[in-house]
Amino acid sequence: MPPHLLEQILADPSGQSWAILWRASEDEAEVLVGDVEDLDLLAQIPRPDAGAPVLAMVPFRQIAERGFVAHDDGTPLRVLRPSHTQRLSVEELVASLPTGEVEVAAERFSVEDATYARTVAQVIEEEIGEGEGANFVIRRDVLAHCRSDQAVAALTWLRRLLVDERGAYWTFAVHTPGHTLVGATPERHVSVRDGRVWMNPISGTFRHPVQDSELEPEFRSFIKDTKETEELFMVVDEEMKMMAQICSDGGRITGPYLKQMAHLTHTEYLLDGRSHADVRDVLRTTMFAPTVTGSPMENACSVIAEHEPDGRGYYSGVLALLEQDEQGGERLDAPILIRTAHLTEDGTVRVSAGATLVRHSDPASECEETSAKARGMLSALGLRPRREPGRALDLEGLPGVAADLASRNESLSPFWLSPQGSRPDPELLGRRVLVVDAEDTWTQMLAHMLRHLGMVPEVRRWEQVTEADVAGPAVGHDLVLFGPGPGDPTDLQDPRIAALHSLLAARLGTGAPVLAVCLSHQVLATLAGLEVTKLPAPNQGVQLPVDLWGDVRRIGFYNTFVARPGDPRIGDIELEAAVHEPDDAVVGLRGTRVASIQGHAESVLSRDGLTTLHGLIRQALA
């Protein structure tokens, strides 16, 4: 017989609010029954009591808390506060859940293939091709109508997922008035436990072939595929920006690993670091994963709002389980709401899936990827054939695969792959740095590296920086570092670009030390009289070996615009340019108290990043 709490749910599925969760880290499933409350802000999520967790359903529109753009579709930030909880084995749970048929009809895509493919092409050309970002995730939905009781449907589909799916981080069903969720998500967004934070970026998608004979050659091709590899590196970079913001040690990378599921296999990394931040602040700072939005995050939200016709509901948001630990502190476990069906009170079923669009995406292939990502959930709904239960693939065990995965790290920054303590340069110790954020939180990674070198950074957004801050008589900063950002560095109609021009010019006019990175390097090059043009094909998320004044450094690049060689000069200061011959691009400038770099020394793609940044700082402060 099922335990009493599950029996209570099964006796009246629609008459109460409940959640059933099976987490990969737990031996047993958890059953929660209680009351729901809708909130306005993440800060309002209540503290859990001993033995009584709190489960929050966080919709995508909550990104507005960070000041980012989103369609406001009214999907609630909802909290389930359990009055009763129960743990039981997965075997007991499966044996108890309903097995009947659920009637689902009128299946259709919200956006047809041809329209979605045109959107993909438009985003590549107009957004990535114009320097607005490195990658963007655009979703479409499979819509259908559920004619059965929604709570019973969720319980039935949960059973199918527990039997058929594998490799999920959470398998769950949550039923509340008007909103029911059921899914098997592969991806942890963020966890907090005992002062330690984990994030788990997953990207790169291998679609399992129908014929096993095709498996090995196709998988080997996937592991070596440049696009799939670069996709993963890009989202790791974006999540490391978040880790650098919330973790005192900036965060460390381990992996890559494989995440094998029934229909798909993904590649992933694990990021971890230490933090004393409140779990609600961690949730807010990390809204939402770049694997379901893009990078840079702020601009990705604008691109999503422009190219997706309506709100995302709970898709790409999170479930967040808050628990009290033995010392009375709080733990957080929050998976991303993907591979999830969302049922609303009118019987509408929505299964959303997105493709990560990069500079060399193929529109037809990205259409297929959204279909493949939805397939597991659609199989549970009875809209696609179910995989044979128990069919397991050992892809990591194929000869050479583990070595191929490990070899990816050979080109990455050892700084982010290793535990990070402070190793100050005595000449830099205590030097104050104002870091100007141009709407890209690369500045958080830069700030962490500055602290590692013994400096004292202050990150401030461009709107909060005045000419007096960088050039006034009472300026207390030894160095001003102008940071990266999206956009065209010559577009003076953009207030942010115009402000960067004014601030850089004011600082340069004082002769005080300046360091400029990426977008700000391009602005500096413009002020120095160089022409800035668009590359024929963007360098978004690529590692290049560049000669920086006699030292060849492997640096990560995320740029669409470049400065062209010429005779750079700031007033009486002649600047020396480092030129990357294959692109005919100026990748660095240096002169008296001036240094700049086109690439991102702070990127995980920059194998020589820390050495390069250290040298540029010393150049600017010389």
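Could you tell me which of the residues Thr119, Thr85 is farther than 29 Å from Gln150 by Cβ and either at pLDDT below 95 or in contact with an Asp or Glu (Cβ under 9 Å, 6 or more places away or on another chain) (or both)? After applying the criteria, what remains is Thr119. Scanning region 149-158 for residues that are touching a helix residue (DSSP H, G or I) at 6+ places or on another chain (Cβ under 8 Å) and over 13 Å from Val174 (Cβ atoms), we see that the one that is surrounded by the fewest Cβ atoms within 10 Å (Cβ to Cβ) is Asp149. Apart from one condition, Gly51 fits all of (1) exposed (fewer than 13 other Cβ atoms within 10 Å of the Cβ); (2) among the small types (Gly, Ala, Ser); (3) out of contact with any Lys or Arg (no Cβ under 9 Å at 6 or more places or on another chain); (4) at pLDDT 95 or above; the exception is (4).
The set of residues from region 471-503 being touching a residue at least 24 places away in the same chain (Cβ under 8 Å) and not in a loop (DSSP other than H, G, I, E, B) comprises Ala471, Leu479, Val480, Leu481, Phe482, Arg496, Ile497, Ala499, Leu500, His501, Ser502, Leu503.
Look through region 521-539, keep the residues that are in contact (Cβ under 8 Å) with a residue 60 or more places away in the chain and touching a Ser or Thr at 6+ places or on another chain (Cβ under 7 Å), and return whichever of them is farthest from Gly133 (Cα to Cα).
Within region 521-539, the match that is farthest from Gly133 (Cα to Cα) is Leu524.
Filtered by the rule that a residue be in contact (Cβ under 8 Å) with a residue 60 or more places away in the chain and either over 16 Å from Gln543 (Cβ atoms) or under 14 Å from the mean Cα position of the chain (by Cα) (or both), region 239-253 gives Met240, Lys241, Met242, Ala244, Gln245, Asp249, Gly250, Gly251, Arg252.
When you look at Glu230, is it outside any strand (DSSP E or B) and modelled with pLDDT of 90 or more, yes or no? In short, no. Within region 208-234, residues that are over 20 Å from Tyr269 (Cα atoms) reach partners that are in a helix (DSSP H, G or I) and modelled with pLDDT of 85 or more with beta carbons closer than 7 Å, at six or more positions or on different chains, in the pairs Pro209/Glu218. Of the strands (runs of 3 or more DSSP E) contained entirely in region 26-122, those carrying at least 3 residues that are closer than 21 Å to Tyr169 by Cα and in the same structural domain as Ala380 (by TED's automatic domain parsing) fall at 29-39, 54-58, 77-88. Within region 405-452, being closer than 18 Å to Val514 by Cβ, touching a Lys or Arg at 6+ places or on another chain (Cβ under 7 Å) and not aliphatic (A, V, I, L, M) holds for Asp437, Trp442. Considering only region 235-247, I want to know if a residue exists there that is within 22 Å of His360 (Cα to Cα), of a type outside the set (Asp, Glu) and surrounded by 18 or more Cβ atoms within 10 Å (Cβ to Cβ). Yes, region 235-247 contains a residue that is within 22 Å of His360 (Cα to Cα), of a type outside the set (Asp, Glu) and surrounded by 18 or more Cβ atoms within 10 Å (Cβ to Cβ).
Can you name the residue in region 560-575 that is more than 13 Å from Leu508 (Cα to Cα) and among the small types (Gly, Ala, Ser) and is also farthest from the chain's Cα centre (by Cα) among such residues?
Gly566
Look at region 263-279: where a residue is in the same structural domain as Ile338 (by TED's automatic domain parsing) and buried (at least 19 other Cβ atoms within 10 Å of the Cβ) and a partner is of a type in the set (Ser, Thr, Tyr) and assigned to a loop (DSSP other than H, G, I, E, B), sitting 6+ places away or on another chain with Cβ atoms under 7 Å, you get Ser275/Ser248.
The values are calculated or read from the model by the stated rules, or taken from the named source; none is laboratory data. Since we're looking at a predicted model, the values are computed, not measured. Heads up, the Cβs are rebuilt from the backbone with ideal geometry, glycines too, and the neighbour counts pull from every protein chain shown.
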